[in-house]
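Notes follow once the structure below has been shown.
The values are calculated or read from the model by the stated rules, or taken from the named source; none is laboratory data. Everything numeric here is computed off the predicted structure, so don't read it as measured data. Cβ placement follows ideal geometry from the backbone for every residue including glycine, while neighbour counts extend to all protein chains displayed.
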Amino acid sequence: MCTVCGCSDGNVKIEGRAGEAKGADIDAGAPQQGGHGPGHSHHHHDHSHHHHNHHGHGHHHDHGGGHDHGAGVDHHHYGAGAAGVSVAGVSQTRLIQIEQDILAKNNAYAAANRAVFAERGMLALNLLSSPGSGKTALLVETIKRLKDRFAIAVIEGDQQTSADAARIRETGVPAIQINTGKGCHLDGHMVGHALEDLSPAPGSILFIENVGNLVCPAAFDLGEAYKVVILSVTEGEDKPLKYPDMFAAADLILVNKIDLLPHLDFDIAQAVGNMRKVNPAVKVLEVSARSGAGLERWIAWIEAALALEKVSNETTVTPAI
């Protein structure tokens, strides 16, 4: 995963509420006492920081598996070791330690975010998908159906540009763009910084649209109540099997762009069956941002989730919609 391959390196830029880029690098260290919700100062991050690239320099080859390449072998399985990944010159034991260290730091920031959400009775949803799934279009249509009844705020994650945040702000809802640079996912610390500027209202719904990626974001808790994974019908029924970590982490899966089904060979039953192979109890809803089909059930799910957050500081039950 990206915690060991180095793709998290690079400057992270977070907009202010009006859309101006702040250009601050984000430190990967542990949070200070009190977390980093609204009102917590981050002046100690004004100087340049980078996520750590822990590439060892040894040259022994601990691949977590043998090298019996007999006749008929037609693939190389670099995820077979205990760490689930292979990096040249780094042992499986070292890879596991690196990943545990990075995720532990992230989890501390996520816990601070979760405390802010609980204190304010907010619902935070982490929206995840591959690029081109229609995630932003679906979010825009969702906001239109909710904004007259609920306070809403949005954190947008992309490697570059603020196009999606600008698109969200056109709905009249406040949004902040996080550009991750070379990074391929949001993390708890980035979200905490964005929360300071966004300052969502108590009882509000916070949508966090993660960077389009079906691999790394699955491992990084942002403090959200639920992970919502979007799969479009243009992507293929086998995505849940190819990217099982993401679909296993999902609390809800939305099958988007169902208006295109008459023009495709996509088999929804097969896709849902594959989802249930990696996540047997997951809830699946079929929707279309373009036609509006199925959106009423998605909206009902959000409303039920928000009601749960308002009565519990730590929700453990997925909305039964």
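Annotations
- On inspection, residue 171 does not qualify as surrounded by fewer than 19 Cβ atoms within 10 Å (Cβ to Cβ), among the β-branched types (Val, Ile, Thr) and on the phi > 0 side of the Ramachandran plot.
- Cβ pairs under 7 Å, 6+ apart, first in the stretch 294-317 and within 30 Å of residue 260 (Cα to Cα), second surrounded by fewer than 17 Cβ atoms within 10 Å (Cβ to Cβ) and modelled with pLDDT under 95: 297/321; 300/321; 301/321; 304/321
- Scan of the stretch 232-254 for residues that are outside any loop (DSSP other than H, G, I, E, B) and more than 17 Å from the chain's Cα centre (by Cα), ordered by number: 241, 242
- Candidate set from the stretch 151-166 (those that are of a type in the set (A, V, I, L, M, F, W, C) and surrounded by 16 or more Cβ atoms within 10 Å (Cβ to Cβ)); member that is farthest from residue 224 (Cα to Cα): 165
- Positions within the stretch 215-231 being surrounded by fewer than 24 Cβ atoms within 10 Å (Cβ to Cβ) and either in a helix (DSSP H, G or I) or in contact with a Lys or Arg (Cβ under 7 Å, 6 or more places away or on another chain) (or both), in sequence order: 216, 218, 219
- Residue match in the stretch 227-245 (condition: on the phi > 0 side of the Ramachandran plot and either aromatic (Phe, Trp, Tyr) or in contact with a Pro (Cβ under 9 Å, 6 or more places away or on another chain) (or both)): no
- Residues in the stretch 107-163 that are farther than 21 Å from residue 258 by Cβ, part of a loop (DSSP other than H, G, I, E, B) and hydroxyl-bearing (Ser, Thr, Tyr): 161, 162.
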